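Structure, as structure tokens:
The values are calculated or read from the model by the stated rules, or taken from the named source; none is laboratory data. Note that the coordinates shown come from a computational prediction; the quantities given were computed from them, not determined experimentally. With ideal geometry, Cβ positions are generated from the backbone for all residues, glycine too; neighbour counts draw on all protein chains shown. For the accessible areas, the whole protein counts, side chains as well, though only heavy atoms, and no ligand, DNA or RNA atoms are used. Shrake-Rupley method; radii C 1.70, N 1.55, O 1.52, S 1.80 Å.
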Amino acid sequence: MSNIHPQTLRVQWTMTPRTEPQPWLHCSRCRGPRGFRSSGRIRLNANGRRVDAWLVYRCADCDGTWNRPIVERRAVGTLDREYLRALQSNDPTLVRTLAFDVAALKRWTDRMQEFDDVLVTQCVLEEPRRMPVLRLEIECRVPHPIGLRTDRLLASELRLSRSAVRRMAKAGMIRTVPEGADLRRLVRDGMQVVVETAQAVPSVCFTQ
Ligand SMILES: [Zn+2]
């Protein structure tokens, strides 16, 4: 991007969800649909040459359990040793990866509750060639799905009210690349947002 406005600051915002998505399933104790939370514990059963592993979930209301199959009747020899060790030790990284794997969870339910409490890490991709900054280009990285709307993200990170964000979007001062994405939709990986103002973008907007 050599022909960009000299007063452009290019940043990358990486959004990391703080709360794991909750699959909604029928709870046999509550006798109704409930959100389930990962307990962080993996149950492993090695029966002869076969291995089964489940990530244990708990009903958010009654603490009833749901064992989510992770490994099903796999021959011991076909499992990677490191992976097996991670399963045996409730490895937190593995547990977290599994708990955030919405695509895999969809095998059991289509109803997923995603949360909007995310940690936003900002990094500068390209400094402006001239100050003050009049144009901010934001590249969104969302490694795990989040339940955060784009307008809410912009409002909180740019310290604006949501009505101000809406007004700026209407005036073409905030837009997405490619254009036309609905700011009320959830932030997606790879999304780009351009903010252009007549006044300088305050530095508080892009520094931690
Ligand atoms: Zn329950």
- Verdict on LEU25 being at negative phi, at pLDDT 95 or above and more than 16 Å from the ligand (Cβ to nearest atom): no
- Query: Is it the case that some residue within segment 24-45 is under 22 Å from GLU157 (Cβ atoms), assigned to a strand (DSSP E or B), open to solvent by 20 Å² or more (accessible area, probe 1.4 Å) and not small (Gly, Ala, Ser)?
  - Reply: no
- Cβ pairs under 7 Å, 6+ apart, first in segment 103-125 and in contact (Cβ under 8 Å) with a residue 40 or more places away in the chain, second exposed (fewer than 14 other Cβ atoms within 10 Å of the Cβ): ASP117/ARG18; VAL118/ARG18; LEU119/ARG18; GLN122/GLN208
- Task: Answer with yes or no whether TRP13 is at pLDDT 95 or above, outside any loop (DSSP other than H, G, I, E, B), within 16 Å of the ligand (Cβ to nearest atom) and not acidic (Asp, Glu).
- Result: no
- Message: Quick check on my filter: what residues within segment 60-118 are at negative phi and within 16 Å of the ligand (Cβ to nearest atom)?
- Response: ALA60, ASP61, CYS62, GLY64, THR65, TRP66, ASN67, ARG68, TRP108, THR109, ARG111, GLN113
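Okay, residues lined up against (1) in a strand (DSSP E or B); (2) surrounded by 13 or more Cβ atoms within 10 Å (Cβ to Cβ):
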site: TYR57; (1), (2): yes, yes
site: ARG85; (1), (2): no, no
site: THR93; (1), (2): no, no
site: ASP110; (1), (2): no, no
site: LEU119; (1), (2): yes, no
site: VAL124; (1), (2): yes, no
site: PRO132; (1), (2): no, yes
site: ASP151; (1), (2): no, yes
- Item | Residue identified as at pLDDT 95 or above and either in contact with a His (Cβ under 7 Å, 6 or more places away or on another chain) or closer than 21 Å to THR16 by Cβ (or both) among ASP61, ASP101, ASP52, ASP91 | ASP91
